[in-house]
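Here is the structure we will look at, set down as structure tokens.
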Amino acid sequence: MLAGVFPPLVGGIQTQVLLLGRKLVERGAEVHVITRHFAGLRREEELDGVRVHRVGRADLPRGVRAASYLLGAMEALRALRGHIDLLHAHQLFGPAALGMIERALGRKPLLLNPHNHGEIADLEQRPLWGRWLLAGARATADAFISICTPVRQELERIGIPPARIHDISNGVDTMRFRPASEDERRQLRHTLGLPAGPLAVYAGRLSRLKGLDVLLEAWLEVDGGHLCVVGDGEERPALEARASRLPRVRFHGAVADTAPLLRAADVCVLPSRAEGLPVAILEGMSCGLAPVATSVGGTPDAIEDGISGLLVPPDDQGALARALRRALGPEGASVGARARDRVLRSYSIDSVADRVLDLYLSILREQARLRSASASQANSAQIPPSALAQ
């Protein structure tokens with residue numbers, strides 16, 4: 001797997017790469033991840049069977065940083081060549097460029113896996129680099145994973161044949177993110193220092209894209225209950241200053257494991273202005289929380305509005321406040337139960353890993369078939385016409 005970011009860095013892509021890698025190891029695969037090196041982290045380590053190789057330097061200016069990653073990753077791939085059957089690149093930036101170079105050299109088949117809706121449009125805004133990556137993706141990738149409907153639509157829009165696109169969503173560890181009993185919830189709140197009563201949790205980056213400014217304004221219209229904001233980011237100082245005048249809001253900071261906080265809550269909220277398929281909302285749903293989220297990106301794929309959660313337009317403070325009041329009310333528990341059932345049916349990491357492994361094997365079988373057909377044609381070309389006639 002080729003990934004620009006990886007744990008211990010916190011984020012949805014990082015979580016998915018490690019979680020999927022673990023499950024593939026459990027199924028007998030040998031999994032290597034080539035990612036960027038950040039200061040203080042080991043260059044080489046093994047996490048639950050996933051072998052991690054950190055290359056380049058993340059503290060360099062953007063262009064130099066990208067070059068250091070590509071050069072370091074190519075050297076790592078050279079050293080690992082006898083161990084690798086297939087490359088799985090996450091995101092259409094540096095990791096994908098690396099995979100395309102390797103694929104163009106005829107070394108290993110390539111699977112590309114965009115994670116963010118709108119990412120392809122972002123590439124088009126970088127005239128030279130973006131055009132090169134999109135052209136390379138069309139020409140070299142053997143297959144693409146679409147995590148949600150908008151990603152598939154974008155891939156088709158740039159000319160990827162539908163047959164090369166495989167719909168496989170992000171996944172959740174449904175055992176770690178599971179509903180808590182009433183006794184467990186009380187104990188978790190006591191341990192975490194959380195208040196009694198209805199509790200909504202936001203977990204994610206504190207950036208403008210996530211819409212926390214709208215959430216805080218909407219919270220003014222919510223009577224009763226508490227809001228816990230989990231995460232960190234560039235917007236945190238401004239958001240904390242704004243929240244100082246609001247009742248019942250607590251900033252918890254970044255945590256390595258959000259499961260205890262989610263299991264202690266009643267509602268998960270995600271007011272984003274843009275998303276791919278947000279892992280944070282899937283984790284909350286898996287814990288049996290009633291999800292309230294904006295209808296952006298792949299979120300409507302996950303949430304059946306009014307059944308397994310509540311969807312609102314982005315930047316709509318009033319609609320968000322009304323949905324929060326409803327989710328924190330009497331019907332919230334039944335909505336959360338249906339949300340948990342939806343995750344079990346469609347977003348379990350075990351079923352996702354099975355589908356990804358099946359896709360790997362399908363790509364490798366097709367490669368073997370093409371090599372066999374090519375060898376047969378070469379052998380036929382060497383047989384004299386007189387021999388064929390006999």
Computed for the chain: size of charge dipole around the Cα centre, +1 on C-beta of each Lys and Arg, -1 on C-beta of each Asp and Glu, debye to nearest 20, value 780 debye
Expressed to two decimals, the stretch 276-390 has a Cα Rg over Rh, using the Kirkwood radius, of 1.46
Kirkwood Rh over alpha-carbon pairs of the chain plugged into Stokes-Einstein at 4 °C, 1.567 mPa s gives a D in µm²/s of 58 µm²/s
With a Förster distance of 25 angstrom and the Cβ-Cβ distance between ALA256 and ASP183, calculated FRET efficiency to the nearest 0.05 equals 0.50
Expressed as a whole-number percentage, the relative contact order of the chain with C-alpha contacts under 8 angstrom and at least six residues apart is 14 percent
Output ordering of 304-311, 207-214, 289-296, 91-98 (per-residue mean of other Cβ within 10 Å, highest first) is 289-296, 91-98, 207-214, 304-311
Given backbone amide H placed at 1.01 Å from N, residues whose amide H is under 5 Å from that of HIS115, ignoring those fewer than 5 places away on the same chain, are GLN91, LEU92
Any residue on another chain or 5+ positions along whose placed amide H is under 5 Å from the amide H of GLY297 is listed here as GLU275
Using alpha carbon centers only, the stretch 14-31 is separated from the stretch 47-112 by a whole-angstrom value of 17 Å
With N residues in the stretch 12-172, Rg(alpha-carbon) / (2.2 N^0.38 Å) equals 1.01
With the dipole of the chain defined by +1 on each Lys or Arg Cβ and -1 on each Asp or Glu Cβ, the option from SER374, THR149, MET285 whose Cα lies farthest towards the positive pole is SER374
Whole-number value, in Å³ per residue, for the convex hull of the alpha carbons of the stretch 182-346 is 101 Å³
With T = 4 °C, eta = 1.567 mPa s and Kirkwood Rh from C-alpha pairs, the Stokes-Einstein D of the stretch 254-299 in µm²/s is about 119 µm²/s
When the charge dipole of the chain is computed with +1 at the Cβ of Lys and Arg and -1 at the Cβ of Asp and Glu, the Cα pointing farthest to the positive end, of GLY56, GLY204, LEU320, is that of GLY56
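Only the coordinates and a few stated rules stand behind these numbers; no lab work does. Everything quoted here is computed from the prediction, not taken from an experiment. Cβ atoms come from the backbone with ideal geometry, glycine included; neighbour counts cover every protein chain shown.
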